[in-house]
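*Asks:* Below: one structure in structure tokens.
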Amino acid sequence: MKISKAWLNDYVNLSSVQDAELENLITTRIAEVDDVFIVQEALEDAIVVLIKDVHPVEGGKKLSLATVNIGKGKDVQVVCGASNCRVGMLTAYIPPKGRIQVGEKLITVEEKAVAGIVSCGVLAAEDELGLTSDHSGIMELDAIAKREKLLFEPGDKLSKFFGGRDTVFEIDNKSLTHRPDLWSHFGFAKEISAILSLKNLKLENAESLKKIDTKLKINIDEYIDDKEAGKKKLEQIASAGVSAYSVQISANTPCSRFLAIEILNVKNEISPTWMRKRLHAVGAGVRTLLVDLSNYVMHDVGQPNHAYDADRIVGKRLIARMAGEGEAFTALDGENYKLTASDMVIADDNGAVALAGVMGGERSSIYDTTNHLYLESACFDYVSVRLTTKRHAIRTDASNRFEKSRSSFAASAGLIRFVEILRNIQPEIKVIGAPCDAFLVKPEKIIINGTRSYIRSRLGVEVSDRTINDILTALSFKFVSSIDDEFSVEVPTERATKDIMILDDLVEEIGRIYGYENIPPCSPTVCPEPPQDVKIRAFEYTVGDTLVSRGFSEVYNYSFMNGEEAQKLGYDLTKTLKLQNAVDVTESDLRPSLIPNLVHIVNETSKTQAEIYLFEIGRTYSAEFDKRHENLVERGSWYPQKSAKKFKIDFDTKLQEHAPFERRMLG
């Protein structure tokens, strides 16, 4: 995942913070930074120019010679190949010695001859500025000025209007699998703000960090409606009247909340430049406003959302339900999917319009002419979403976030933030009625009880009571009680899914914020004890050592086997356990014996060797074991059978049943 420093600056003031200091803080206290890179550097060198004259270049293959005013009455000549280069146009210009983005490289612009004419600089497209991936023509600042109410003058620095270079931190996704709150810019900004508010912490190489205002400029926690502030904000986006649209969650559907709102008078125009710039910086695609805003909110606050063209919703209602077996669905990527009864969908009265938590559908998608919106912000079960992505080989930014188990209350943040930003861009929009909210089961609060002395004993360092209290409070843990050494805290909503569950999770929180580098290394104080002697293990080692001393080689096979080969050896496949998600369809049976795989090895090896000496010691599996585990078998689980008796059967009796094999193996 990519995090933009300029974007973080919306929430906490990082303008004076060095990139290296911020990288170190994030890596040592929050999550591992894989890479740091600078983007959109060309914007620093670009200036606004007015095209005064354009003439075709003879023999230049669609090249034009443009005379441009670069400010203060100075004109220069630039050779340009863009088809939209015209008189009277305001555009972006990079002078000699400035830098231009070409693919992933920054190239210094030189004054040089093009088609025999000296070109003094470059008229740039948006991709050449690193702004977006658009290379359809040179940047049209006139249209941007009109849409965004900006006043450009020749000679103005472009960074004055759109900002300059940005620093992007690429975060290791594996370090975020348990942190649904960190899949957003606000999540990282909140952590940074919390850490820097703790003045008693020892931060390495972070002098400038100690000087900044640590207070959050915007607190998205106040948009989450488990609190009164969030409930009020959700009420405030509503308007008079009643929406004709509704939402519903069908029985036995793994959707805990389905929240939606109807919006009129929207314009699906080109997104503001600041939004396109940020989305491009973090690797997100840039399309049109309603699609871009949906993506922006997801990267901003972490809550996936989906915008439907309300006029294309049949029956004016959306239902979260399980798909019908074999139900057809055409997704936004243009692919046709055949769904299963285990897939969750959002449907109208005419069928599925979205694969819940994964991807929207083509039929109800946003078009250029869309002016009537129905916005969804829901919470889907992380296991269901994960299995659907694997089943259909689809991975999206939305599914990545839902798979981390988001809080149902966070759905309100996505809805409120979307409407808030859209109103700033298009004040004329009209929200129809109150949000439709199907909220079946509200999450229970998680309270963790513990002692500060336990935390100190686990960390191995004398962290003061005040530091423990300050860290937990800064991270939004709410103290329910605190008497002497004992305390109870309520886990913040966004971390009460499958992240913070037990007291040792709090130990980890205290340790990472306090700083592992501040915990002195020392030898373990626990006295090591020899492992308990296990007779079956000793027996196995004795057998193995004996066979190896006689020239045998030990082999290790997979726990599954080739069913067809096993049947030829007389094994009944109706009595074997089946793998639900086999790596190879020909090997979907768990082995009831070690013999089938050993026979396979012997058959393959005998093609090149006359004598083979090998053995295997391993677990076998059977569908006909102890009835106490019958319910686990039905769920596709199993227990290994491993005992001296079972080992003797596999090593002795079975080999006797297959005498030719035994002679071949033992020589």
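Since every read-out is calculated from the coordinates, none of them should be taken as a lab result. Bear in mind that the values here come from a model prediction, so they are computed numbers and not experimental data. With ideal geometry, Cβ positions are generated from the backbone for all residues, glycine too; neighbour counts draw on all protein chains shown.
*Asks:* Rg and Dmax of the range 169-278, Cα atoms, in Å?
*Replies:* Cα only, the range 169-278: 19.7, 57 Å (Rg, Dmax).
*Asks:* Take the alpha carbon atoms of the range 459-580, find their radius of gyration, then divide it by 2.2 N^0.38 Å using N residues; give the quotient.
*Replies:* Values: Rg = 26.6 Å, N = 122, 2.2 N^0.38 = 13.7 Å.
So the range 459-580 has a normalised radius of gyration of 1.95.
*Asks:* If I take R0 = 41 Å and measure r between the Cβ atoms of D333 and I107 in this structure, what FRET efficiency does the formula 1/(1 + (r/R0)^6) give, to the nearest 0.05?
*Replies:* On the way: r = 34 Å, r/R0 = 0.83.
With a Förster radius of 41 Å, E is 0.75.
*Asks:* Here's another thing I want to ask about it. Anything over 28 Å Cα to Cα? Flag those among K231/K277; K232/K445; K174/K232; K5/K202, in the order listed.
*Replies:* On the way: K231/K277 32 Å; K232/K445 21 Å; K174/K232 36 Å; K5/K202 23 Å.
The pairs that break the limit, which is 28 Å between Cα atoms, are K231/K277; K174/K232.
*Asks:* Could you work out how much longer the chain between H178 and L150 gets when fully extended? Use 0.36 nm per residue separation minus the Cα distance between them, nm to one decimal.
*Replies:* 5.8 nm
*Asks:* For the peptides 150-162, 569-581, 129-141, what is the packing order when you average, over each peptide's residues, the other Cβ atoms within 10 Å and list the highest mean first? Please report the intermediate quantities before stating the final value.
*Replies:* Numbers: 150-162: 16.4, 569-581: 13.5, 129-141: 19.8.
Most protected by this proxy first, the peptides run 129-141, 150-162, 569-581.
*Asks:* Related question: What FRET efficiency comes out for K157 versus I519 if R0 is 56 angstrom and r is the Cβ-Cβ distance? Round to the nearest 0.05.
*Replies:* Step by step, r from the Cβ atoms, then E = 0.75.
*Asks:* Now, a different point. Rg to Rh for the chain: what is it, with Cα atoms only and Rh by Kirkwood?
*Replies:* With Rg and the Kirkwood Rh in hand, the quotient comes to 1.07.
*Asks:* Please list, ordered by chain and number, the residues whose modelled amide H lies under 5 Å from the amide H of D226; skip anything fewer than 5 residues away on the same chain.
*Replies:* The list, which skips near neighbours in sequence, is empty: none.
*Asks:* While we're looking at this one, here's another question. Output the Kirkwood hydrodynamic radius of the range 16-113, Cα pairs only, in Å rounded to one decimal.
*Replies:* Here the Kirkwood hydrodynamic radius works out to 16.4 Å.
*Asks:* Please sort 232-238, 535-541, 299-305, 402-408 by packing, taking for each peptide the average over its residues of neighbouring beta carbons within 10 angstrom, highest first.
*Replies:* Ranking, from highest mean packing down: 299-305, 402-408, 232-238, 535-541.
*Asks:* Also: Check which residues have an amide H placed less than 5 Å from A378's amide H, if you skip close sequence neighbours.
*Replies:* When sequence neighbours closer than 5 places are left aside, the close amide H contacts are L259.
*Asks:* Then there's this: Taking R0 as 60 Å, what FRET efficiency do you get between S15 and E325 from their Cβ-Cβ distance, rounded to the nearest 0.05?
*Replies:* About 0.60, to the nearest 0.05.
*Asks:* Next question. Given only helices, namely DSSP H runs of n ≥ 4 each adding -39500 (n - 2.57), what is the per-residue ellipticity at 222 nm of the chain, to the nearest 500 deg cm²/dmol?
*Replies:* Details: 21 runs with 187 residues, N = 667.
Only helices count here, giving -8000 deg cm²/dmol.
*Asks:* Sticking with this one: Report relative contact order for the chain in percent, whole number only (criteria: Cα-Cα under 8 Å, sequence separation at least 6).
*Replies:* RCO, the chain: 12 percent.
*Asks:* Where the centroid of each part is defined by its Cα atoms, how far is the range 159-230 from the range 463-504 in Å?
*Replies:* What the calculation gives is 19 Å, centre to centre.
*Asks:* Separate question: Modelled label-to-label distance, E58 and R423, 7 Å Cα→beta-carbon offset: nm?
*Replies:* So the label points at E58 and R423 sit 6.3 nm apart.
*Asks:* Treating cross-link reach as a plain straight distance, find the aspartates and glutamates whose alpha-carbon is under 12 Å from the alpha-carbon of K233, omitting any fewer than eight places away in the same chain.
*Replies:* D221, E222, D225, E420
*Asks:* Enter the per residue convex hull volume of the range 415-531, computed from alpha-carbon coordinates, in Å³ rounded to the nearest integer.
*Replies:* Hull volume over Cα atoms, normalised by residue count, gives 199 Å³.
*Asks:* Separate question: Cross-link partners among aspartates and glutamates for K227, C-alpha distance below 18 Å, same-chain residues fewer than 8 apart left out?
*Replies:* Result set, ordered by chain and number: D181, E235, D437, E444, E490, E494.
*Asks:* What order, most packed first, do the peptides 588-596, 317-325, 179-187, 267-275 have when packing is the mean number of other Cβ atoms within 10 Å of each residue?
*Replies:* Ranking, from highest mean packing down: 179-187, 588-596, 317-325, 267-275.
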